[in-house]
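Participant: Here it is, the structure, as structure tokens.
The values are calculated or read from the model by the stated rules, or taken from the named source; none is laboratory data. Every value quoted in this text rests on a predicted model; they were computed, and no experiment measured them. So basically every Cβ, Gly included, is an ideal-geometry build from the backbone, and we count neighbours across all protein chains shown. Accessible surface is based on the protein model in full, side chains and every heavy atom, while ligands, DNA and RNA are left aside. Shrake-Rupley method; radii C 1.70, N 1.55, O 1.52, S 1.80 Å.
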Amino acid sequence: MNRSTTIMTVASVAVGGVLAYAVYFDYKRRTDANFRKQLRKFSLVEVPGKEKKRVKQSQTPSESGQTATGGVDANDLRSALESVRNEEVPPGPEEKEQYFMKQVGMGEQLCAKGPVYHLPAAMCFYRALRVYPSPVELIVIYEKTVPPPVFQLVMELTNLDVKDRVEGYYTFFPPKAMNVAVETVNVPDGKGGTMSKKVLVVTKDFKAGEVIYQEDPIVAVLDADLQGKGTHCSYCLRQIQNDPICPESDRLHSVYCSSNCLTQHKAHSQTLLFTLESPLPAAIAPEMGDTLRKERENAQNAFVEYLIQTKRAAPELVARFVARQVSAETAKMLPRGIMPGVASEPVLTDGGEYTLYDHLERLRYLEVKPADHETRVLKDVLQTALPGLEQFLTEERHATFVGKMSYNSYGVYFGEGREDKPETAARPENAERTRTPCGTSQQIGTGFYAVSSYISHNCAPSAKPVFPTGTAQLQLVATCALQKGDEITVAYVDVSQHSGETLEEARRHRRMELARGWRFACSCKRCAEEGLEGEIEEGGDESRVLSCMTSTMSAFIIHRFRSSLSRRALHTTAIRYVDRPTAFTNMLAGDVPPPVQVSSVTSAGIQLADGLVLPSACIFLDGKVFLWNVPLHLWDGWSREHLSVFETVVPKPEILVFGTGRRMELPPPSIRGYLKEMGIQLDIMDTRNACSTYNLLAEEGRRVAAALLPYTPHPWRS
């Protein structure tokens with residue numbers, strides 16, 4: 001089954017949502033004989049046979065030559081999508097199952113009535129797609145069984161919905177009651193140019209000292225030296241005054257200040273990660289024998305040992321985020337009344353069907369590489385708690401999650417911060433840092449906050465995060481007068497000039513902390529005013545030295561890349577080249593090169609947005625287009641060498657969208673395995689849908705590449 005980020009976005013199914021539905025389906029398969037019969041009946045669609053032939057025979061000869069949208073007017077398509085959106089989706093899993101079966105059956109019947117009913121048929125299949133737990137799998141089934149004109153209409157509806165969902169997100173987020181909004185601005189990229197970036201602005205006037213908003217963390221963890229000591233609550237991070245509550249069978253030796261914190265923590269993540277209790281209600285929890293119980297205990301012990309050894313917050317934050325996501329989505333999927341009444345998901349939007357994963361995936365991140373076995377130990381915990389969950393935590397997804405936590409997390413501190421935090425044994429450039437205005441060394445824990453993640457750094461900040469309640473609840477206080485529309489900034493590091501420290505030393509120290517923790521050279525007004533004349537030429541600012549080292553390494557990699565092209569099957573064309581400053585480190589959207597867009601796909605070739613037609617196979621990569629020397633017959637004579645260019649790319653694309661011509665043709669296992677070894681997700685589809693998917697993901701700023709084969713094969717030199 002191919003995994004598609006686009007389709008998962010359309011269906012509002014994140015990692016936890018897929019698992020939650022899978023848990024429910026597994027429960028129904030084990031307990032409901034009628035449900036098993038229905039699944040067997042529908043599974044006939046997936047296997048080539050009579051049912052498949054019946055659907056195909058309903059096509060008329062003229063249908064195969066219809067246009068992509070089957071002659072349907074764009075306004076009619078938009079009206080159809082709005083009509084489906086306005087329909088109420090069944091609330092419970094059982095109702096969704098019946099709704100799904102009904103819509104698929106109606107779609108098949110309408111297909112048999114001819115072209116006039118293609119749009120109503122597509123609407124039925126699209127309704128079924130909205131409630132199916134694994135949308136990519138269903139689309140693969142549709143492509144094999146649904147008449148091409150109807151399938152194309154389903155994809156058009158899907159593309160429209162994705163576009164609206166992506167562009168409409170910031171209409172709902174953040175909640176208007178928080179008095180802030182997200183806007184896009186152009187900021188210096190530190191390399192002489194500008195880059196697009198999301199920032200947070202106030203939506204009304206504030207005086208200095210006023211609270212702009214308060215925000216609870218999605219997940220929060222104590223510093224390693226305080227965990228299990230009994231001094232601070234493991235959930236809210238409050239300092240415990242009386243006897244702490246110490247639950248039994250807790251691998252992390254967590255303690256709590258109240259029974260409410262214990263209940264919330266268990267419901268969000270603690271039960272799944274650090275206890276032997278089932279994270280599911282007893283009515284549907286699978287039985288756990290002694291062997292499975294021992295395996296789960298061993299997996300949790302190994303993960304706890306890793307946390308103790310590394311003393312880093314990011315691995316635990318990622319684990320708790322995944323667990324909370326599962327908890328929130330499971331509560332939505334299971335029948336009403338079967339899950340305890342705990343509000344597992346925070347309200348982060350004024351409407352819209354967005355999940356925790358939707359909030360996380362839009363944030364900036366650092367390119368990081370977790371320890372070799374970090375992903376493995378966490379996957380073992382997930383797999384032994386809920387078999388199947390581990391498949392959603394791929395190495396690339398885990399690395400991205402860690403990078404997002406590393407870039408966006410805030411340090412929780414009380415008052416002026418503590419003075420007793422042990423010094424880290426890590427090298428300064430490898431030490432974990434959080435957004436803490438008094439310095440990471442003063443914090444007692446780390447929290448991840450969805451709205452506050454959009455706040456940029458400034459050495460003369462307009463606001464400050466504080467924690468006056470003595471918990472991890474963040475309050476953002478204005479440090480100067482702010483007018484409606486002004487950008488909010490905070491200090492990620494301690495920007496004060498300490499006693500005995502010169503102005504130059506203070507500036508160099510804070511800029512070094514920013515370069516090491518967030519990998520950028522601050523270009524704020526204060527840094528510019530305090531800079532020394534000629535220091536760039538002299539290399540006096542160590543963050544500039546790091547930048548020079550980065551550029552040198554990047555040039556070396558690019559040299560290797562270009563040299564290797566002459567020895568490989570990939571050939572560069574000078575027709576499309578987007579020049580930009582290079583950098584070894586990539587940080588989400590701002591540093592992604594301008595995408596090359598595909599306008600159309602015809603028998604003449606692949607037409608770009610500027611009108612240029614490429615008649616032969618090509619690769620879209622890093623803002624450039626390459627002609628691609630591959631065998632004319634698909635998969636005949638193909639080898640790893642034809643995709644070896646991706647070994648030299650830094651950073652590698654997250655997703656490779658592969659268009660196989662007029663029809664989707666699955667690759668041999670060796671090709672898929674080769675890309676998987678490099679951490680690249682492969683999505684296979686026909687070339688037209690591959691172009692549409694690539695355009696969308698590129699516009700979102702994703703690290704996506706496309707390998708496209710034309711409808712009519714041509715040698716690459718033609």
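Participant: Among residues belonging to region 284-330 that are under 19 Å from the mean Cα position of the chain (by Cα) and among the aliphatic types (A, V, I, L, M), point out the one that is surrounded by the most Cβ atoms within 10 Å (Cβ to Cβ).
Facilitator: Among those residues, the one meeting the criterion is V326.
Participant: Taking the options T446, T400, T436, T424, name whichever one is farther than 19 Å from V495 by Cβ and open to solvent by less than 10 Å² (accessible area, probe 1.4 Å). Lay out the reasoning, then the answer.
Facilitator: On the way: T400 fails: open to solvent by less than 10 Å² (accessible area, probe 1.4 Å); T436 fails: farther than 19 Å from V495 by Cβ; T424 fails: open to solvent by less than 10 Å² (accessible area, probe 1.4 Å).
Selected residue: T446, the only one of T446, T400, T436, T424 that is farther than 19 Å from V495 by Cβ and open to solvent by less than 10 Å² (accessible area, probe 1.4 Å).
Participant: Any residue at all in region 236-259 that is in a helix (DSSP H, G or I), hydrophobic (A, V, I, L, M, F, W, C) and either farther than 14 Å from A323 by Cβ or open to solvent by 50 Å² or more (accessible area, probe 1.4 Å) (or both)? Spell out the reasoning first.
Facilitator: At the first step, the residues of region 236-259 found to be in a helix (DSSP H, G or I) are 259.
Of the ones still in play, those that are also hydrophobic (A, V, I, L, M, F, W, C) are none.
No: region 236-259 contains no residue that is in a helix (DSSP H, G or I), hydrophobic (A, V, I, L, M, F, W, C) and either farther than 14 Å from A323 by Cβ or open to solvent by 50 Å² or more (accessible area, probe 1.4 Å) (or both).
Participant: Here is a list of conditions, (1) modelled with pLDDT under 90; (2) open to solvent by less than 20 Å² (accessible area, probe 1.4 Å); (3) not aromatic (F, W, Y), and G228 meets all of them except one; can you say which number that is?
Facilitator: Only one criterion in (1) modelled with pLDDT under 90; (2) open to solvent by less than 20 Å² (accessible area, probe 1.4 Å); (3) not aromatic (F, W, Y) is unmet by G228, namely (2).
Participant: Give the residue, chosen from Y449, Y454, that is aromatic (F, W, Y), farther than 26 Å from H232 by Cβ and touching a residue at least 40 places away in the same chain (Cβ under 8 Å). Before you say what the answer is, go through the steps one by one.
Facilitator: Working: Y449 fails: farther than 26 Å from H232 by Cβ.
Just a single option satisfies the conditions, and that option is Y454.
Participant: A follow-up question, please. Here is a check on your reading of the model: is L280 touching a residue at least 24 places away in the same chain (Cβ under 8 Å) and farther than 30 Å from R427 by Cα? Give the steps one after another, and end with the answer.
Facilitator: Values: touching a residue at least 24 places away in the same chain (Cβ under 8 Å): yes; farther than 30 Å from R427 by Cα: yes.
Spelling it out, L280 is indeed touching a residue at least 24 places away in the same chain (Cβ under 8 Å) and farther than 30 Å from R427 by Cα.
Participant: Let me ask something else. Return the residues of region 74-92 that are in a helix (DSSP H, G or I), of a type outside the set (A, V, I, L, M, F, W, C) and within 28 Å of the chain's Cα centre (by Cα); say none if nothing qualifies. Quick ask: steps written out before the conclusion?
Facilitator: Initial filter on region 74-92 (in a helix (DSSP H, G or I)): 74-86.
Right, trim to of a type outside the set (A, V, I, L, M, F, W, C) and you get 75-76, 78-79, 82-83, 85-86.
Correct list: R78, E82, R85, N86.
Participant: A further question on this structure: Just give me the residues in region 280-339 being at pLDDT below 80, charged (D, E, K, R) and within 19 Å of K266 (Cα to Cα), in sequence order.
Facilitator: Hits for region 280-339 are E329, K332.
Participant: In region 482-496, which residue that is part of a loop (DSSP other than H, G, I, E, B) and farther than 23 Å from E416 by Cα is farthest from the chain's Cα centre (by Cα)?
Facilitator: The initial filter retains those residues of region 482-496 that are part of a loop (DSSP other than H, G, I, E, B), namely 483-486, 488, 491-496.
Filter once more, so that each one left must be farther than 23 Å from E416 by Cα: 483-486.
Working: Q483: 33, K484: 31, G485: 28, D486: 28 Å.
Selected residue: Q483.
Participant: Still on this structure: Among A690, A707, which is the only one that is of a type in the set (A, V, I, L, M) and either in a strand (DSSP E or B) or free of Cβ contacts under 8 Å to residues at least 24 places away in the same chain (or both)?
Facilitator: Numbers: A690 fails: either in a strand (DSSP E or B) or free of Cβ contacts under 8 Å to residues at least 24 places away in the same chain (or both).
From the options A690, A707, the qualifying one is A707.
Participant: Output the qualifying pairs, or none if there are none: Cβ atoms under 7 angstrom, residues six or more apart or on different chains, first residue in region 174-188 and in contact (Cβ under 8 Å) with a residue 12 or more places away in the chain and in a helix (DSSP H, G or I), second residue buried (at least 18 other Cβ atoms within 10 Å of the Cβ) and of a type outside the set (A, V, I, L, M).
Facilitator: Close Cβ pairs (under 7 Å, with a partner that is buried (at least 18 other Cβ atoms within 10 Å of the Cβ) and of a type outside the set (A, V, I, L, M)) amount to M178/Y213.
Participant: It is to be established whether one or more residues within region 693-700 are open to solvent by 30 Å² or more (accessible area, probe 1.4 Å), at pLDDT below 85 and on the phi < 0 side of the Ramachandran plot.
Facilitator: Within region 693-700, the subset open to solvent by 30 Å² or more (accessible area, probe 1.4 Å) is 699-700.
Next, only the ones that are at pLDDT below 85 stay: 699-700.
Those left that are additionally on the phi < 0 side of the Ramachandran plot: 699-700.
Yes, region 693-700 contains at least one residue that is open to solvent by 30 Å² or more (accessible area, probe 1.4 Å), at pLDDT below 85 and on the phi < 0 side of the Ramachandran plot.
Participant: Looking only at region 85-112, which residues are closer than 17 Å to Q152 by Cα and modelled with pLDDT under 90? Talk me through it step by step, then tell me what you get.
Facilitator: Initially, region 85-112 is screened for residues closer than 17 Å to Q152 by Cα, giving 104, 107-108, 110-112.
Correct list: empty.
Participant: For the structure I just gave you, tell me whether P387 is farther than 21 Å from E316 by Cβ and at pLDDT 80 or above.
Facilitator: On the way: farther than 21 Å from E316 by Cβ: yes; at pLDDT 80 or above: yes.
The answer is yes for P387.
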